[in-house]
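The structure under discussion appears below in the form of structure tokens.
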Amino acid sequence: MTSSPSTTLPEARSAVQTTRLPLATAAVWAVSAAIVGYALIFGGYAATIISFALIYAVFVSGLNVFMGLTAQVSFGQSAFAAIGGYSSAVLTTTYAWPPLAGMSAGLVFSLLAAWAIGFPTLRLKGHYLAMATLAIGLITYEIAVEWESVTQGYLGISGIPPLGIGPFEAVSDRQILVVLSVVVLVIAFAVKRIQHSRLGRSFAAVAGSEEAAATLGINVARTKLVSFLLAAGLASISGSLFVHVVGYVSPEVFGLHMVILAFSMVYIGGLGTVAGPLIGALIVSILPEVFRGMKDSQDLAYGIALILILIYAPKGIAGVAGAFDARRAA
Amino acid sequence: MSAILEVKNATRSFGGLVAVNDVSFSVPSRGVTAVIGPNGAGKTTLFNVIAGTISANGGTILLNGEDVTDFKPEAKAAKGLVRTFQLVKLFQDLTAAENVKVGFHLKTHGGLFAALFQPAWARAAERNSEKTAADLLDLVGLSKVAQTSASILPYGQQRLLEIARALACQPSILLLDEPAAGLNAEESERLARAIRRIAADGTAVLLIEHDMKLVMDIADDVVVLDYGRKIAHGTPDAVRNDPAVLAAYLG
Ligand SMILES: Nc1ncnc2c1ncn2[C@@H]1O[C@H](COP(=O)(O)OP(=O)(O)O)[C@@H](O)[C@H]1O
Ligand SMILES: [Mg+2]
């Protein structure tokens, strides 16, 4: 009875696609590549800083899916990094599991925890999830401190083996940088694909108007849950990567400061963009080094630099680049 | 002709105010039915109750004979009932074409796996969505702005886009809340043609409208509300000359 308009209209006039390259966005990727390339060439301290930045980029990519693509708030993503990190640490030391197996187990634990928090709270209207995530961040920290028989409390766990599959291990600075760069690129590629898929559009629909999304048949609570699970999964992986790169884990590693740092990275980089988490993590990690010579005024200079970026690029660096490309294409 | 939608004794109040008061009518499965009435008469509230956006205090909503009174909006959409909003609710971060593609949600499938690995069936579905979205944008005259972000479209085009997006669900009944509000004469004419086309393709249309000319032009049936009550129901000509209706509009 109901026929699709496509079957009754005489001809389809497809939209005119512009073929111009998104130059500004390409420039953002080029700058990121240059920064990572610098660290690869010079190694040493630069390699350490950039390795941490890349691990953060993984964490921030998850936050970006939940906050940027789906417009939801979570303050407790560090909890999932902790679950991933401690699972990897315990399983690869005490139980001598290979890194990939430990990381996978951590991922499963994180997803179960995220589901247990997200399933009940995401069906309620209001900010119950944000509150619950704040709580879980603190609870996970307490568990890491108190459950000494497994986590060794404040002492932490050391002697965690490096990243590796079978006989291949990433031990040197440069090997680690290469592995992390590949991980970050794969995730960016995945986010790009998600953005232009049915799933990604349902994220954007929930972000735009929950009421309208529901009217089009989208299950809003389930969509938010999927997004939250993705964010938790990426946080978990970043936690595992961290403990293997550093070789050591303690409760402080996954504290509230991690969430605050990640928030500034996602905003500086550009909420809801593909390149944002990487460039944001790189810039926020490098800036303190740039100002290190300034001694007392170092923190102030760092703060001012972040604020200036947000004033002149309110959508973040990749956000402004994207808007620039869109204007050129129009 | 059989009724696709039956509203029986629908009632909804806000505090002491009875916004929709014991309203009953049915919508035939073909043609255009209009709901008119002065500002504050309860038209939007009636739509909200029908679409499940808010709950009713009393009464029953039947869709194809099935009691859907307590269904959520997404469940009603799955049953073929889709609405637009008086205050446009587009997905601002998406382009016009992507907004329409969200409308295919119920007609397509695929989650994370399809997004990441893009199997052949998912790519075929995506191409099909692309093409059908282009057709729908053409229907409402928005082909030129397909790749433009919804947030920067002029208001009239946003309204038309919302209709195209609703049509992507292939509804069997489409509810339009004041679709002509904010449209210029040319867009209004475009809208009237699109609504006639939608009805001719077999979708029942229920529309709230202030623009009397539009209502008289395209409606087969008119329901008149005043102070939450139904005061008249009939053909445009009959309603136009109804003393109760004249009193409500003039008095
Ligand atoms: N959410 C609400 N809370 C309180 N009063 C409401 C609400 N929605 C509508 N109303 C009141 O109900 C009456 C009918 O409103 P509405 O359905 O929007 O009328 P119409 O669409 O016919 O202009 C108005 O008096 C309005 O103020
Ligand atoms: Mg209204």
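With R₀ set to 22 Å, the beta-carbon distance separating residue B:147 from residue A:123 gives a calculated FRET efficiency near 0.05.
Let me know the mean shielding of B:73-81 by other chains, meaning the per-residue number of their Cβ atoms within 10 Å of its Cβ.
Working: counts 10, 10, 3, 3, 6, 2, 1, 2, 1.
Going residue by residue through B:73-81 and averaging, the value is 4.
Shown for the protein assembly as shown: the carbon plus sulfur share of the solvent-accessible area, taken with all protein chains present and a 1.4 angstrom probe, equals 63%.
Its Cα centre serving as origin, the stretch B:89-170 has a Cβ charge dipole (Lys and Arg +1, Asp and Glu -1) of approximately 80 debye. Using a 1.4 Å probe over protein heavy atoms, the accessible area lost on pairing A with B, summed over both chains, comes to approximately 3900 Å². Taking the Cα centre of the protein assembly as shown as reference, the dipole from Cβ charges on Lys and Arg (+1) and Asp and Glu (-1) amounts to some 780 debye.
By the gyration tensor of its Cα atoms, with a ≥ b ≥ c the square roots of the eigenvalues, what is the shape of the stretch A:100-141: rounded for a/c under 1.5, prolate for a/b over b/c, or oblate?
On the way: a/c = 4.27, a/b = 1.88, b/c = 2.28.
It comes out oblate by the Cα gyration axes.
Work out the P(r) tail for the stretch B:37-194: percent of alpha carbon pairs separated by more than 18 Å, whole number. Provide the component values of the computation, followed by the final result.
Details: 7786 of 12403 pairs.
Value for the stretch B:37-194: 63 percent of Cα pairs lie more than 18 Å apart.
Report the residue, chosen from B:69, B:132, B:108, that carries the largest GNM mean-square fluctuation when chain B is represented by alpha-carbon nodes joined by springs under 10 Å. Its mean-square fluctuation being the largest, the pick is B:108.
Restricting to lysines 8 or more places apart or on different chains, can you count the pairs in chain A with Cα atoms under 26 Å from each other? It would help to have the intermediate numbers written out before the result.
Details: A:125/A:224; A:192/A:224; A:192/A:315; A:224/A:315.
Close lysine pairs found across chain A: 4.
Spin-label model, residue A:323 to residue B:127: label points 7 Å out along the Cα-to-beta-carbon direction sit 3.7 nm apart.
Overall, chain A carries a charge dipole of about 1140 debye about its Cα centre when +1 sits on the Cβ of Lys and Arg and -1 on the Cβ of Asp and Glu, all other atoms neutral. Whole-Hz Karplus values for the stretch A:33-41 come out as 4, 5, 5, 5, x, 4, 5, 5, 6 Hz, taken residue by residue from phi with 6.51 cos²θ - 1.76 cosθ + 1.60 and θ = phi - 60°; glycine and proline positions read x. Look at the dipole of chain A built from charges on Cβ: of A:247, A:55, A:144, the Cα furthest out on the positive end belongs to A:55.
Size descriptors for the protein assembly as shown, from the alpha-carbon set: Rg then Dmax equal 27.9, 91 Å. Of the residues A:157, A:167, A:200, the one whose Cα sits farthest towards the positive end of the charge dipole of the stretch A:154-211 is A:200 (charges of +1 on Lys and Arg Cβ, -1 on Asp and Glu Cβ, taken about the Cα centre). Shielding of peptide B:105-115 by partners, expressed as the average count of other chain Cβ atoms within 10 Å per residue Cβ, is 5.
Note on the stretch A:54-253: along the principal axes its Cα atoms extend 54, 36, 21 Å, ordered by decreasing extent. Residue pairs exceeding 32 angstrom between C-alpha atoms, taken from B:107/B:144; B:72/B:144; B:8/B:144: B:72/B:144; B:8/B:144. When you restrict to C-alpha pairs under 8 Å that are six or more residues apart and normalise by the size of chain A, the relative contact order lands at 32 percent.
Could you sort the peptides A:123-130, A:193-200, B:207-214 by per-residue average Cβ neighbour count (10 Å cutoff), highest mean leading? Present the calculation step by step, with values, prior to reporting the outcome.
On the way: A:123-130: 13.2, A:193-200: 20.0, B:207-214: 18.4.
Going by the mean number of other Cβ atoms within 10 Å, highest first, we get A:193-200, B:207-214, A:123-130.
Under the rule of -39500 (n - 2.57) per DSSP H run of 4 or more residues, summed and divided by the residues of chain B, what mean residue ellipticity at 222 nm is obtained, to the nearest 500 deg cm²/dmol? List each step's numbers first, then the result.
Details: 10 runs with 97 residues, N = 251.
Helix contribution divided over all residues of chain B: -11000 deg cm²/dmol.
Per-residue mean of foreign Cβ neighbours for A:172-178 is 0 (Cβ atoms of other chains, 10 Å radius). Positive-end ranking of A:105, A:235, A:73 along the dipole of chain A, with charges on Cβ about the Cα centre, is headed by A:73. For chain A, adding -39500 (n - 2.57) for each run of n ≥ 4 DSSP H residues and dividing by the number of residues yields -23000 deg cm²/dmol at 222 nm.
Around the amide H of residue A:72, modelled in the peptide plane, lie the amide H atoms of A:67, all under 5 Å away and 5 or more residues distant in sequence or on another chain.
Each peptide in B:161-174, B:192-205 was scored by the mean count of other Cβ atoms within 10 Å over its residues; highest first, the order is B:161-174, B:192-205.
The values are calculated or read from the model by the stated rules, or taken from the named source; none is laboratory data. Keep in mind that this is a model prediction, so the values were computed, not measured. Every residue, glycine as well, gets a Cβ built from its backbone with ideal geometry; the counts of neighbours run over all protein chains shown. Accessible surface is based on the protein model in full, side chains and every heavy atom, while ligands, DNA and RNA are left aside. Shrake-Rupley method; radii C 1.70, N 1.55, O 1.52, S 1.80 Å.
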